[in-house]
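> Here it is, the structure, as C-alpha cells.
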Amino acid sequence: MNRVPRWRIAAAILVLAVLAALTAVLAPIYYRNLRLQRSVVEITHDVDNQSKPDDVLRSIVLKRAGELDLPIKADNVHIQHIQGGLRVDVGYFVRVAFPGYTVDLHFHPGASSR
C-alpha cells in the first residue's frame, strides 16, 4: 500500500488553513457590500424617494454605509433622476492588508427604479 508522505499532508493542511483565513477576512467585506446593494435597491424602488433631492438621498446611502462600516464618501455616491425614475450608483474600494501583500477590493453597487 502506498502511503502519502507526511510533508504532503502538512502542505495540504497549510493550504487549507490559508484558504480558510482568506475566507474569514474577505467574506464579511463582500457580505457588507451585498447588504449595501440591497439597501440601494430599496432606496431606488421606494416611490417617495423619486422626488427627494440628491443630498437627502446621498445622506441615506452614506448613513447605511456607515452602519455597515464601509469606507464610502459623499463623492462616491452618484445619483441621477432619469425620466420617470431614479438611478443610484456607488463606487468605492476597501483596502485589505495581508502580511506581505495589500489588495484593493473594488465594488460598484447600483440600482435603478426602472
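Bear in mind that the values in this text are calculations on the coordinates, not laboratory data. Model, not experiment: these values are computed from the prediction. We place every Cβ from the backbone using ideal geometry, glycine too, and count neighbours over all the protein chains shown.
> Using a 10 Å cut-off around each Cβ, can you sort Val40, Val15 from fewest to most neighbouring Cβ atoms?
The order, fewest Cβ neighbours first, is Val15, Val40.
> For n ≥ 4 DSSP H runs only, could you compute -39500 (n - 2.57) per run for the chain, divide by its residues and tell me the 222 nm figure to the nearest 500?
Calculated mean residue ellipticity at 222 nm is -17000 deg cm²/dmol.
> Between Val56 and Val103, how high is the FRET efficiency from 1/(1 + (r/R0)^6) when r is the Cβ-Cβ distance and R₀ = 22 Å? Nearest 0.05.
Details: r = 34 Å, r/R0 = 1.56.
About 0.05, to the nearest 0.05.
> Among Pro53, Pro28, Pro99, determine the one that fluctuates most according to a GNM of the chain built with springs between C-alpha atoms less than 10 Å apart.
Greatest mean-square fluctuation among the candidates belongs to Pro99.
> For the chain, set up a GNM with springs between Cα atoms under 10 Å and report which of Leu36, Leu62, Leu14 has the largest fluctuation.
Its mean-square fluctuation being the largest, the pick is Leu14.
> Per q in 0.11, 0.18 Å⁻¹, report the Debye log10 I(q)/I(0) for segment 6-112, using one uniform scatterer on each alpha carbon and no solvent.
-0.45, -0.85
> Another question, then. Given the options Ile79, Ile13, Ile60, which has the most mean-square fluctuation in a GNM of the chain, springs set between C-alpha atoms less than 10 angstrom apart?
Evaluated over the chain, the most mobile residue of the options is Ile13.
> What does the extension gain come out to for Met1 and Glu67, with contour length at 0.36 nm per residue minus their alpha carbon separation?
Working: separation 66, 0.36 × 66 = 23.76 nm, distance 5.74 nm.
Result for the pair: 18.0 nm of gain on full extension.
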